[in-house]
Structures are given as structure tokens and as C-alpha cells.
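One structure below.
Bear in mind that the values in this text are calculations on the coordinates, not laboratory data. Bear in mind that the values here come from a model prediction, so they are computed numbers and not experimental data. Here the Cβ is made from the backbone with ideal geometry for all residues, glycine too, and neighbour counts use every protein chain on show.
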Amino acid sequence: MTEKEKMVAGLPYRANDAELIELRTQVRKILGPYNQVGMHETEAQTAMLGQILGKKGEGSWIEPPFYCDYGFNISVGKDFYMNFDGVILDVAAVTIGDNVMCGPKVQILAATHSIDPTERNFSGTELGKPVTIGHRVWLGAGVIICPGVTIGDEAVIGAGSVVTRDIPSRVFAAGNPCRVIKVI
């Protein structure tokens, strides 16, 4: 298997692989201009966003600046909106449903490392765990979604929360670590 194939499959991979470096370089060549264009939702930005994301539903928009590792592992449904300073580390699949709203500074992180220090320590080996966000979800400002998390449909995650485990549908959850506060 190539390092890219390992990465996409969720197996340990080496991020310093030449193919992966080239893929990160390619997306940054698009992200640079995307993040510099001054007008909201210009034709040029919309086209660039379509080149960055693996799948972009109709009516979806990400406010610049926006940062990601590869882009091709990101799938967003229709009418997705991410406010300023969004980060999606997409070493594994990041799947986002329809009508999802993200406040500013939201981080969706599929990238992780081994918790075993001998595996992690200067080895260059990384891991990825998919992140799935359902339909009609609202992520408040500064929310951090950790690797491997699934958030159910119509959930609301309070500002500043760190989501370390799955969140069911139709709940309000908040905190660090994020926990269900009430059923909606």
C-alpha cells in the first residue's frame, strides 16, 4: 500500500511521504488565493472551493481564511456554512451533512497520533480517524471536534466545546469534554 492508501484506510502512515507532501502543496496553492480574495462568494472563490473540497453541496460556503490538509477527504452537503478561521484536518474522511452551520474558529480534526510514546516519538507516523457530522447541526464558535467523533442530526454543540466522543441526534451538548446538557 502507498502511504496515501494507508492514510485513507485509517492505518498508520508516514506524512513525510513525497506523494502526500505534493498533495498538501497542491491544496495550499489553491488555499492561498482563496484566503486572499476580498469579496464574499465571488465566482473565483466558489470555483476554488469546488477544487479544494472532495464534494461540495449546492449553496455551501466557507468564509476565508480556511485551512485543511488535503481537501479531497472533505465532503460537505448542501447549504453547509463555515465561518472565519475554520480548520478541517482531513487525513481521514470528514463527512458533513446538509444545512450544517459552523461558528468562527471551528476545528474538525481527523488527524491524530499514537498515544504510545515509543510509536509517536519522532517516528513521523500519523493516524487518521473519520469524523461524521449529521444534517442540520450547529457548531458554536471555537468548537473542536476530535478524531473519530460522530455528531448526530440536529445536534447543537455549544461554543468552546471540545467534542471527544460521539454526540447523539437532537441534543444540546457543551463543555470540555463535551457532554449532553439536554434533549432538544
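Within the listed set Thr25, Thr112, Thr132, the residue fluctuating most in the Gaussian network model of the chain (springs between alpha-carbon atoms under 10 angstrom) is Thr25.
Loop-located trypsin sites (Lys or Arg not before Pro) across the stretch 123-184 with a Cβ neighbour count of 14 or fewer within 10 Å are Arg165, Arg170, with loop assigned by DSSP. Straight-line cross-link reach from Lys78 at under 16 Å between alpha-carbon atoms covers these lysines, not counting any fewer than eight positions away in the same chain: Lys55, Lys56. Adding -39500 (n - 2.57) for every DSSP H run of four residues or longer, then dividing by how many residues the chain holds, sets the calculated 222 nm ellipticity at -6500 deg cm²/dmol.
Note that the stretch 114-184 shows a convex hull volume over its alpha carbon atoms of 88 Å³ per residue. Here is the list for the stretch 1-75: GluC sites (Glu not before Pro) lying in DSSP coil, each with at most 13 other C-beta atoms within 10 angstrom of its C-beta, are Glu41, Glu58.
When the square roots of the Cα gyration tensor eigenvalues are ordered a ≥ b ≥ c, the ratio a/c for the stretch 1-135 is 1.5 or more and a/b exceeds b/c, which makes its shape prolate.
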